[in-house]
1. State all residues of segment 28-45 that are open to solvent by less than 50 Å² (accessible area, probe 1.4 Å) and within 24 Å of E70 (Cβ to Cβ); if no residue qualifies, say none.
2. How many residues are under 27 Å from the mean Cα position of the chain (by Cα) and part of a loop (DSSP other than H, G, I, E, B) when one looks only at segment 1-48?
3. If you take the residues in segment 115-141 that are more than 18 Å from V160 (Cβ to Cβ) and assigned to a strand (DSSP E or B), which one is most open to solvent (accessible area, probe 1.4 Å)?
4. Just checking, does segment 85-102 include any residue being at pLDDT 90 or above, within 28 Å of G171 (Cβ to Cβ) and open to solvent by less than 90 Å² (accessible area, probe 1.4 Å)?
5. For a quick check of your reading of the model, give me the residue pairs whose first member lies in segment 142-170 and is in contact (Cβ under 8 Å) with a residue 24 or more places away in the chain and open to solvent by less than 70 Å² (accessible area, probe 1.4 Å), whose second is in a helix (DSSP H, G or I) and aliphatic (A, V, I, L, M), with beta-carbon atoms closer than 8 Å and at least 6 apart or on different chains.
6. Checking F75 against (1) of a type outside the set (G, A, S); (2) surrounded by 10 or more Cβ atoms within 10 Å (Cβ to Cβ); (3) modelled with pLDDT of 90 or more: exactly one of these is not met. Which one?
7. Going residue by residue through segment 104-114, is there one that turns out to be among the aromatic types (F, W, Y), touching a helix residue (DSSP H, G or I) at 6+ places or on another chain (Cβ under 6 Å), in a strand (DSSP E or B) and modelled with pLDDT of 85 or more?
8. Go through segment 144-177 and give me each residue that's within 11 Å of L103 (Cα to Cα) and either touching a helix residue (DSSP H, G or I) at 6+ places or on another chain (Cβ under 8 Å) or of a type in the set (S, T, N, Q) (or both).
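The values are calculated or read from the model by the stated rules, or taken from the named source; none is laboratory data. Just so we're clear, the structure is a prediction, and the values are computed from it rather than from any experiment. With ideal geometry, Cβ positions are generated from the backbone for all residues, glycine too; neighbour counts draw on all protein chains shown. Note: areas computed on protein heavy atoms with side chains; ligands, DNA, RNA excluded. Shrake-Rupley method; radii C 1.70, N 1.55, O 1.52, S 1.80 Å.
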Amino acid sequence: MNLYLRYFDKEILVHHIDDAIDFLRSIEEIDLTDDLENDVRSYASSDVFYPKRYKVRPRVYFIIIKTTAETMLDFKQKKALHPNGSPSGQDKKDSANNAFTRLSEERPGWYEGILDFKRVVMIPSTGKFEYRDTHFVAQLKADSGQDCYNRIVEYLRERVDSRSQFPSAKGKNFHFQFLGLWK
């Protein structure tokens, strides 16, 4: 596993942790203490793949990203994505693709749509408005999951405050179920 390090406009792609430590030592603004060096080494040897940032001073950081890219050009062009150690990573991508496909699949019939959205309501005692989480369930005729979502949102827009916020059809706050064909 290679490491990409960046501090403002100074950046490097290294193949060994010792090269990364040398790069950090070459930057005057970074005070490379033993604790910081040990933390960088433990991050490099861990199974964690998310980028890590280290604070230099308030609102100033340097970042380290693990990558399988062999050159800086490969890294910049995002040709080398880190391998997923767990098969669940691929399962999540497949389920996301499957959900998107299900959403756009043409299948006329009865649907049950469940939408959680932020509804603007007035508090009678103060006369002020606030957002409230609202759970809405409807059974309706539609041509697809996307059509079900569109009809629900169109219905609600006519009946709730215009400042209410509706989630994306692709998000976790909209679910639908095909109930059967209409006659």
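1. First pass over segment 28-45, keeping only residues open to solvent by less than 50 Å² (accessible area, probe 1.4 Å): 30, 32, 36-37, 40, 43-44.
Residues satisfying the conditions are V40, Y43, A44.
2. Adding up the residues that qualify gives 6.
3. Q139
4. Just the residues of segment 85-102 that are at pLDDT 90 or above, to begin with: none.
There is no residue in segment 85-102 that is at pLDDT 90 or above, within 28 Å of G171 (Cβ to Cβ) and open to solvent by less than 90 Å² (accessible area, probe 1.4 Å).
5. Listed by first residue and then by second, the contacts come to S144/L103; G145/L103; Q146/L103; Y149/L103; S164/L156; F166/V153; F166/L156; A169/L103.
6. Of (1) of a type outside the set (G, A, S); (2) surrounded by 10 or more Cβ atoms within 10 Å (Cβ to Cβ); (3) modelled with pLDDT of 90 or more, only one is false for F75: (3).
7. Initial filter on segment 104-114 (among the aromatic types (F, W, Y)): 110-111.
Filter once more, so that each one left must be touching a helix residue (DSSP H, G or I) at 6+ places or on another chain (Cβ under 6 Å): 111.
Then keep just the ones that are in a strand (DSSP E or B); that gives 111.
Remaining after also requiring modelled with pLDDT of 85 or more: 111.
Looking for residues that are among the aromatic types (F, W, Y), touching a helix residue (DSSP H, G or I) at 6+ places or on another chain (Cβ under 6 Å), in a strand (DSSP E or B) and modelled with pLDDT of 85 or more, one finds at least one in segment 104-114, hence yes.
8. Residues satisfying the conditions are S144, G145, Q146, Y149, A169, K170, F174, F176, Q177.
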